[in-house]
Amino acid sequence: MIIRVYVDGDATPVAELPGSSGRLELDTTAIPDGVHRLRIETVEADRVTGQREIPFSVRNGPGIAVAGLSERDEVRGKLGLAVDATVAGIDGALDVRSLELHRGLPFWTGIATDQPAKIDPMQVSLAEGSYLPILDFDAGKADPARGAATYRAKCAGCHGDDGQGRIAQSATLGEQGIFPRLAGQPAAYLYRQLWSFAHGWRSSAAMPPMADGLTEADWADIAVHLEHLTATAYPPPPVIGNDVVELGRSVATLGRPDRGVSPCTRCHGPSGIGVAPYFPALMGQDARYITAEIIAFRGGQRRNAILRLMDPVAHGLEAHEIEAVAGYFARQRPGAVQ
């Protein structure tokens, strides 16, 4: 038996392996960036006896980040786009201050300067035509007591009485699932998620009808109630190898700048503690939930991140890196880096 390995439709194999098993080194630098197929055939007496094809993508060039347009966007008028194809991808020459994106919610945030202890505040104004319409959220008008009552009636059955999250059968839906931790999350972020579920910017089997069945005042009340909750109970941290923990730590704190992936902690804070108003805490979230959400950003089922900052992250990370960084954040606890 001989094993022949081909790339795409080439008639000449890139490798021939004698016997029923073997190893080879595939030099992807000789393959153009883009989508390709690896075809593996087993041959006996000049007859193909088995075949398998594996689709894969090559990206040896710079990470390409685009702010202002994503797949399946519905657009109108003139779009202000920013394209960055430097080696550092979105962390390189992309000047966030100059972006004029489509209609959205102006917000304050901060970006680290060359002095680590100093934060340079900046205001990003999103112009007409954005990813999300302007959301009329005013925490001062919310009623946390009313939000607590609505949460107990509508949400606690899945997410827990204290918003601690659950991995169990939902008392409300009667379904098994992973329900994320909501306690202490920024109110503006939570309101944005409920709006997104109700208006199709974030997909879920259960949440769209739940959110759509509430009023915008209910969303604000629930969001402010949850922001002030402090759930001290965390699930047991996932048991993963030290090599996986270190890989996850590397992705979280260093990113993958050659692929346009920013460090997670740049937005989500040290150990994923969360940064108000729009960057949620990842600390202590279930690893499977974090993994599923990154995949949802990649596949377009979730399109509501501020400035679409999650798009280059979701597309730039490899599967094992996603699982590793999810496990890393799932292990983190307040006051202790694990």
Original post:
Going by average Cβ neighbours within 10 Å, how do the peptides 187-200, 135-148 rank, with the highest at the top?
Top reply: 187-200, 135-148
Subject >> Full-stretch length increase - Arg333, Ser21 - with 0.36 nm per residue and alpha-carbon distance subtracted >> reply: 107.8 nm
Original post:
For a paramagnetic label modelled at 7 Å from the Cα of Val5 toward its Cβ, which residues of segment 37-52 fall within the zone defined by backbone nitrogen distances under 14 Å?
Top reply: 37-42, 52
Original post:
For segment 185-236, what size does the Cα cloud have along each of its three principal axes, sorted from largest down, in whole Å?
Top reply: 32, 26, 15
Subject >> Local net charge near Gly241, Cβ-Cβ under 14 Å (Lys/Arg +1, Asp/Glu -1) >> reply: -1
Original post:
Counting only protein heavy atoms, what percent of the accessible surface of segment 203-338 is carbon or sulfur at a 1.4 Å probe?
Top reply: 60
Original post:
Using r as the Cβ-Cβ distance of Val35 and Ala292, and R0 as 25 Å, what FRET efficiency do you calculate, to the nearest 0.05?
Top reply: 0.55
Original post:
If packing is taken as the mean number of other Cβ atoms within 10 Å per residue, what is the order of 328-336, 226-234, highest first?
Top reply: 328-336, 226-234
Subject >> Using distinct alpha-carbon pairs, which all enter the 1/r mean, Kirkwood radius of segment 283-338 in Å >> reply: 11.7
Original post:
Listed highest first by mean packing, meaning other Cβ atoms within 10 Å per residue, what order do 43-53, 253-263 come in?
Top reply: 253-263, 43-53
Subject >> Projected-area average for segment 215-310 over all orientations - Cα convex hull basis, square nanometres >> reply: 7.8
Original post:
What nm distance separates the two modelled labels at Glu246 and Thr12, each placed 7 Å from Cα along Cα→Cβ?
Top reply: 4.1
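The values are calculated or read from the model by the stated rules, or taken from the named source; none is laboratory data. A quick note: this is a predicted structure, and the numbers were derived from the prediction, not measured. Reconstructed Cβ throughout: ideal geometry from the backbone, glycine too, with neighbour counts over all protein chains shown. Just so you know, the surface numbers come from the protein's heavy atoms only, side chains and all, with ligands and any DNA or RNA stripped out. Shrake-Rupley method; radii C 1.70, N 1.55, O 1.52, S 1.80 Å.
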